[in-house]
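Worksheet: the structure to be examined is printed underneath.
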Amino acid sequence: MTREEIKKQLAVVDQQLGALDKGQTTVQIQVPSLPSTWWTAQNAMTISTVVLGFALVVLCLLTYLVVKKPSSDGEMILRVFGTVIIIFGALFLVVAGYSDNQMAPVMGLLGTIAGYLLGRTGVKEKD
């Protein structure tokens, strides 16, 4: 709210109080209507699109960095890309507004994949 809006609302309240002082017994107060829900389908679609767009930007940046340094290890590239995709996938599911019952199995699968990617050791055997 801006100061002007607050001043207008105070002026309306002052007029209503003045009317009560003059002997009126009833005063009609207009309360601004608030939205029934704070999270609409339009908001969910917008934020989901922003999350997916940001994920695309991050993946493009990662691709640029990998191309810039071609001597990178393949397993390390898989870990980085897999981790980023899993993080943004989970974030998308949360923001898109799926219920707990719908998200739980997918989150379990994403956690399993992340654990596999990050838990693998790249020990090279010596002959």
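Can you run down the residue pairs with Cβ atoms below 9 Å, 6 or more apart or on separate chains, where the first is in segment 80-99 and more than 18 Å from Thr112 (Cα to Cα) and the partner is surrounded by 15 or more Cβ atoms within 10 Å (Cβ to Cβ) and of a type in the set (Gly, Ala, Ser)? Matching pairs, first to second residue: Val95/Ser48; Ala96/Ser48; Gly97/Ser48. Any idea which residue in segment 1-40 is modelled with the highest pLDDT, counting only those that are within 30 Å of Phe92 (Cβ to Cβ) and surrounded by 10 or more Cβ atoms within 10 Å (Cβ to Cβ)? Across segment 1-40, the extreme among qualifying residues is Thr40. In the condition set (1) farther than 30 Å from Ser99 by Cβ; (2) exposed (fewer than 12 other Cβ atoms within 10 Å of the Cβ); (3) free of Cβ contacts under 8 Å to residues at least 40 places away in the same chain, Asp73 is compliant with all but (3). Residue count for segment 84-106, restricted to those that are in a helix (DSSP H, G or I), surrounded by 15 or more Cβ atoms within 10 Å (Cβ to Cβ) and not aromatic (Phe, Trp, Tyr): 9.
The values are calculated or read from the model by the stated rules, or taken from the named source; none is laboratory data. Everything numeric in this text was worked out from a predicted model, so none of it was measured. No Cβ is skipped: glycine too gets one built from the backbone with ideal geometry, and neighbour counts run over all protein chains shown.
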